Amino acid sequence: MGWLATWYHRWASPPWFYQMSGRWTRGLMGLALPLLCVGTLWGLAFAPADYQQGNSFRIIYIHVPAAMVAQSGYILMASAGLVGLVWRLKVADVVLRNCAPIGAAMTFLALATGSIWGKPTWGAWWVWDARITSMLVLLMLYLGVMGLGSAFRNEQAAGRASAILALVGVVNIPIIKYSVEWWYSLHQPATFRLTEKPAMPVEMWAPLLVMVLGFYAFFGAVLLARSRVDLLDRERRSRWVRSLVAEHAI
Amino acid sequence: MIASAAVDGFDPWSQNMQFDSFSTWLQMGGHGGYVFAAYGIAFAVLVYQGLAPLRKRRALRRRLMASLEGER
């Protein structure tokens, strides 16, 4: 467990986080862009059309990755909230608050693409079904965390309030996941499961896997890039930030 | 999943383009409007999100440089 403690203490230190997150941002963005380009081209032109849905099925290559990242991002945000509440870590608070805007964007994207896909498939832009409603609640939670973050003068009070909301909202995550099994729904069940082979042929899910990896890498890159700028702002009075500014190194 | 793909004998390089012309690709069998609207929104959201940290950084740099100048 020694390596874990060392890892934790290093990343909890703002100058270390700032330096390492710069490398990770570049690396993840370097992965994300080719994956997203290849996945888009593959999904839009080379993957076979669905025998029932035709070409509208190609929306899956955005819809599913966005929805997966939206939910994983929420779990990451709530975990950062827990770490921030228990250990009062500035880095955790910064990560929590910077998860929210990109998580909200991903949730919006999942809802918007789902709506566009719903029209030719179900004949409706929107249905108040459990999966869709719980995703709308996820969007509200993200927006709530963003709103709370800017509603307080005091950074620590804002961080605590956001963390508590993020933690309470975790209850929504299993509701999203099991909504298609617990209630009658138009929505199709999960495409990827850890324990089973996907129900769709490999020609269809291989580009989806590429897009999912691309979306995760993109989320990681943007989260780290946002967080490190925010961290500089909060640490602006510290010696390490002042010397970076003086050296024109930011 | 990667391993099972190999077992199935799947070769991504042997996959053919599903459309025989640019216009049939754009039409997507009548679903072109839906598909490209979804991809267009996704592109706009990702570009906006991707550029947001750069905008934040520029604004912060300006502010910190100004306050450093103010102290001198």
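The values are calculated or read from the model by the stated rules, or taken from the named source; none is laboratory data. Remember, predicted model here, so these are calculated numbers, not experimental data. With ideal geometry, Cβ positions are generated from the backbone for all residues, glycine too; neighbour counts draw on all protein chains shown. For accessibility, only protein heavy atoms count, side chains too; no ligands or nucleic acids. Shrake-Rupley method; radii C 1.70, N 1.55, O 1.52, S 1.80 Å.
See the values below:
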item: Inter-chain Cβ neighbour average for residues A:91-103, partner chain, 10 Å; result: 1
item: All-pairs alpha carbon distance profile, region A:50-168, 10 Å steps from 0, percent; result: 14, 40, 25, 15, 6, 1
item: Surface accessible to a 1.4 Å probe, per residue, for the residues of region A:25-168, Å²; result: 42 Å²
item: Accessible area of region A:139-250 belonging to carbon and sulfur atoms, whole % at 1.4 Å probe; result: 60 percent
item: Residue-averaged beta-carbon neighbours from other chains (10 angstrom radius) around B:42-55; result: 6
item: Shape parameters for region B:33-72, alpha-carbon atoms, Rg then Dmax in Å; result: 17.6, 58
item: Burial order of peptide ranges B:25-34, A:240-249 (average beta-carbon count within 10 Å, highest first); result: B:25-34, A:240-249
item: Stokes-Einstein D for the protein assembly as shown, Kirkwood Rh over Cα pairs, 25 °C, 0.890 mPa s (µm²/s); result: 115 µm²/s
item: Mean Cβ neighbour count within 10 Å, used as a protection proxy, ranking A:26-34, A:130-138, A:147-155 highest first; result: A:130-138, A:26-34, A:147-155
item: Principal-axis tilt of helix A:90-122 within chain A, Cα atoms, nearest 10 degrees; result: 10 degrees
item: All-pairs alpha carbon distance profile, chain B, 5 Å steps from 0, percent; result: 3, 12, 9, 9, 10, 11, 14, 8, 6, 6, 5, 4, 3, 1
item: Region B:33-72 - percent of accessible surface contributed by carbon and sulfur, probe 1.4 Å; result: 65 percent
item: Angle between chain A longest axis and helix A:155-168 axis [Cα atoms, degrees, rounded to 10]; result: 30 degrees
item: Burial of 40 Å² or greater, region A:216-239 residues [accessible area, probe 1.4 Å, versus chain by itself]; result: A:Phe218, A:Arg226, A:Val229, A:Asp233
item: Principal-axis tilt of helix B:32-71 within chain B, Cα atoms, nearest 10 degrees; result: 20 degrees
item: Per principal axis, descending, Cα span of region A:93-250 in whole Å; result: 57, 34, 30
item: Extreme residue, positive dipole direction of region A:1-157, given options A:Ala32, A:Ser13, A:Leu136 (C-beta unit charges); result: A:Ser13
item: For A:52-59, mean number of other protein chain Cβ atoms within 10 Å; result: 6
